[in-house]
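Here's the structure we're looking at; comments come further down.
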Amino acid sequence: MILLVEDEQSISRPLASALQREGFDTVIAASVAEARERLAEATPDLVLLDLMLPDGSGFDVLRHLRSAGDVPVVVLTARGEEADRIVGLELGADDYVVKPFSAREVAARIRAVLRRAARQRSHGSDSAIEIGGLRLDPGRHSVELDGEELELSPKEYDLLHRLMRDAGTVVTREQLIEDVWDMNWFGSTKTLDVHVSSLRRKLGDDPAHPRYIHTIRGVGFRFSSPDEARE
Ligand code: CA
């Protein structure tokens, strides 16, 4: 079931009918309160989330969702600003579409995000990776640095997981964007850089002399263990 959180009926009604025709069972919620009620009744496969709601912000719904689990979220935004997009991704939205959009575009996004969620679930049985005091456990979806649990956003976790899986080798920026965000490459790299910066901060990595995440200028990033970096 897809939960469509959108207060404008001129958008929600035709979109819900189009999605139904595409084979997605769709339920509409027109406010933050209604979204919470629907979420208490059943866990959707995916949430389509408008940000400007009459009783609050879609971000409130996003926070609520993220505290409860890992339901994929696609943000429907009327605001095109890069900053808002990054905030959306920072909070763990899986993707966004900018209004006005076509139902076909939304359906394509839904399919891409659901595919990626399924892929990540199948990776969920991976064994823990431990490198230089850093331990990432996909089974528990947790990361520990020297025995202390780190609080990472879902995207920071995915990014670290992707880099640690290929530790010692360079992962290109394009590959990271594709694997972590599943987006087509538009040339904008801000979102990736914002996430790498915040991840480094949480790992206590100094960008000038990183212990873990090394920048390979113009190419991408490489995860190394601190011991290796000293050599
Ligand atoms: Ca709205």
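The values are calculated or read from the model by the stated rules, or taken from the named source; none is laboratory data. Only a predicted model underlies this, so the values are computations on that prediction, with no experimental measurement involved. Backbone-built Cβ (ideal geometry, glycine too); neighbour counts: all protein chains shown. Accessible surface areas use protein heavy atoms only, side chains included; no ligands, DNA or RNA. Shrake-Rupley method; radii C 1.70, N 1.55, O 1.52, S 1.80 Å.
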Which one is surrounded by the most Cβ atoms within 10 Å (Cβ to Cβ), of the residues in the stretch 1-24 that are assigned to a loop (DSSP other than H, G, I, E, B) and within 16 Å of the ligand (Cβ to nearest atom)? GLU6
Taking VAL32 as the residue in question, decide whether it is within 12 Å of the ligand (Cβ to nearest atom), more than 15 Å from LYS99 (Cβ to Cβ), under 22 Å from the mean Cα position of the chain (by Cα) and not aromatic (Phe, Trp, Tyr). yes
Output the residues belonging to the stretch 25-70 that are of a type in the set (A, V, I, L, M) and in a helix (DSSP H, G or I). VAL32, ALA33, ALA35, LEU39, ALA40, VAL61, LEU62, LEU65, ALA68
Enumeration of residues in the stretch 59-76 that are touching a residue at least 40 places away in the same chain (Cβ under 8 Å) and away from the ligand (no atom under 15 Å from the Cβ): ARG66, ASP70, PRO72
Just for the stretch 35-58: of the residues that are within 13 Å of the ligand (Cβ to nearest atom) and open to solvent by 30 Å² or more (accessible area, probe 1.4 Å), which one is nearest to the chain's Cα centre (by Cα)? SER57
Within the stretch 139-156, can you find the residues that are under 15 Å from ASP205 (Cβ atoms) and assigned to a loop (DSSP other than H, G, I, E, B)? ASP146, LEU152
